[in-house]
Amino acid sequence: MIELDLRSRIPIYEQIIEKIKDLIIKEVLKEDEQLPSVRALSTELTINPNTIQKAYRELERQGYIYTIPGKGNFVAPVKKIINEEKVKEIKEEIKKKVMEGLYLGMKRQEFIDILDEAVKLKEGLK
Amino acid sequence: MIKVEGLYKNYGDFEALKDINLTIPKGSVYGIIGSNGAGKTTLLKTISGIYKPDKGFAKIEDEDIYENVHVKKRMFFVLDDPYYYHNYSIKEMASFYKSIYESYSDEKYENLKDVFKIDENKKIKNLSKGMKRQVIIWLALSLNTDVLILDEPLDGLDAVMRQKVKKIIFEEVLERQLTVIISSHNLRELEDFCDHIAIIHSGSVIKEKDIDELKNNIFKIQFAFSGDVPKELTEKLDILYYKQSGKVTTFIVKGDRKKAEDLILKYEPILLDIIPLSLEEIFIHEMGEAGYEKENILL
């Protein structure tokens, strides 16, 4: 289900965390859905089970998954986290675009105009 | 858990191991890396109770390992040059080990037979080097010991076999908390295999850490500012390496990644890239700090 890049410099543990978060945020993995067991992932990817366990623990700490002892790991109700993550992503994107605009000589007022326009559009939709 | 404390080992005047301290958690895959002649094999031989420590101890669950049959039964050491009785077949060698190790499992031996697909009636001396390696790993896993010590074990196995062996070992780690201690020169290999790493250099441990912590704690940053590099950066970051090419500065920094990133972002860089180091690069760097020749192979 997840693909890792063993040649990448990014630690496997981080890759697992990011990939699973991504699947949860994109809602490929739905709320209360069971995650693949440590054994299944370990066998499928030939990854040290301790590394997978550690990644799952970290995901649990961050609130993305919860554990039922003896049953496995499940996707937590993460609507709120997802929204926060998405907002964070959008902010990053806007910042990048604004930077580009600034380099091309756009002025502060021009950005504000775009913002006003967008707000109007949204209100018009209501 | 295996604990090594204040361990010294001399060969005559030569101090092969100096004040080694290690903690090897149960169920971990523990990698020992080091330069040539750093003392890896001596360390493994002392941990496995073949060598007597001159000072200090190696203990498993608080019991001394040296000269302790009861404890040594729980561990098996795969030497880089394993010994076989002349003229023994694989099957005969297995029954020899069975007579020594109570934990030996016929079931595991049979299961692994299907994995390795070597005729058990063949004489070991007639097998190729790579196949001999497979045989010793086959036998080692059949012994079902709590601890498996491997001295450069995967060298000489082809890629498919290596993958298979890793899978089997991971299964044992998960299933029954097998502890694996492994040394190798092949850092790429250990990177995917281990969860803990100890770096040793001329008989001393210079680093012992969880592999992800090790990797998170040292990283390469490339950045550029429209103006000069702010002073605060060079003052506040623990910089191991510094290179400037044109506007682009490259640092190798030790410490917290997020903190370093935030610090640089404060000055609004026009370029910022944070790149984790590979185990190989970390090794070279740590060795460099320990006074081992590294020159400019890093960047």
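All of the numbers you see were taken from the coordinates with simple rules; none came from a lab. Since this is a predicted model, take the numbers as computed values, not measurements. All Cβ positions, even for glycine, are placed from backbone atoms using ideal geometry, and neighbour counts span all protein chains on display.
Descriptive notes on the structure:
- Solution diffusion estimate, µm²/s, Stokes-Einstein, region A:15-126, Kirkwood Rh from C-alpha pairs, 37 °C, viscosity 0.692 mPa s: 194
- Shielding by other protein chains, A:41-47, mean Cβ within 10 Å: 4
- Sum of side-chain charges, B:N126 neighbourhood, beta-carbon under 11 Å (Lys, Arg +1; Asp, Glu -1): +3
- Gyration tensor verdict on chain B (Cα atoms; rounded if a/c is under 1.5, prolate if a/b is larger than b/c, oblate otherwise): prolate
- Footprinting exposure proxy for B:D62, B:D155 (fewest neighbouring C-beta atoms within 10 Å first): B:D62, B:D155
- Length gained when the stretch B:E120-B:D80 is fully extended (0.36 nm per residue, less Cα-Cα span): 12.2 nm
- Comparing B:H185, B:H285, B:H70 in a Gaussian network model of chain B (Cα springs below 10 Å), the most mobile by mean-square fluctuation is B:H70.
- Cα-Cα over 30 Å, subset of B:K45/B:K91; B:K117/B:K207; A:K88/B:K215; B:K26/B:K98; A:K107/B:K259; A:K26/A:K107: B:K117/B:K207; A:K107/B:K259; A:K26/A:K107
- Charge sum, other residues only, whose C-beta stays under 11 Å from B:S103's C-beta, Lys/Arg counted +1 and Asp/Glu -1: +3
- Among B:E152, B:E61, B:E280, B:E235, a tally of other beta-carbon atoms within 10 Å of each Cβ gives an order, fewest to most, of B:E235, B:E61, B:E280, B:E152.
- Helix B:159-176 vs. chain B, principal-axis angle (Cα, 0 to 90°, nearest 10): 80
- Net charge over other residues, Cβ less than 11 angstrom from the Cβ of A:D113 (K, R count +1; D, E count -1): 0
- Considering only Cα atoms, the convex hull volume of region B:193-299 works out to 105 Å³ per residue.
- Dmax and Rg, reported as Rg then Dmax, of region A:80-125 (C-alpha, Å): 13.0, 37
- Rounded to the nearest 10 degrees, the inclination of helix B:90-100 to the longest alpha-carbon principal axis of chain B is 90 degrees.
- Extension reserve of the A:M106-A:E89 stretch, reckoned as 0.36 nm per residue once the Cα distance is removed: 3.8 nm
- With both residues required to sit in the protein assembly as shown, DSSP beta bridges show an antiparallel share near 70%.
- Theoretical FRET efficiency, 1/(1+(r/R0)^6), r = Cβ-Cβ of A:I68 and B:R257, R0 56 Å, to 0.05: 0.95
- Order of B:E171, A:E100, B:E189 under a 10 Å beta carbon neighbour criterion, fewest first: A:E100, B:E171, B:E189
- Within a Gaussian network of chain B (alpha carbon springs, distance under 10 Å), most fluctuating of B:E281, B:E208, B:E102: B:E102
- Per residue convex hull volume, Cα atoms of the protein assembly as shown, in Å³: 187
- Highest-MSF residue in chain B out of B:G49, B:G31, B:G288 [GNM, Cα springs under 10 Å]: B:G288
- Degrees between helix B:257-266 axis and first principal axis of chain B (Cα, 0 to 90, nearest 10): 10
- Residues of region A:2-42 falling in the label zone of B:E107, defined by backbone nitrogen less than 20 Å from a point 7 Å along Cα to beta-carbon, are A:39-40.
- Per-residue ellipticity at 222 nm from helix content only, as computed over chain B with -39500 (n - 2.57) for each DSSP H run of at least four residues, stands at -10500 deg cm²/dmol.
- With the alpha-carbon atoms of region A:12-77 aligned to their principal axes, the span from lowest to highest coordinate is 29, 25, 20 Å, starting with the largest.
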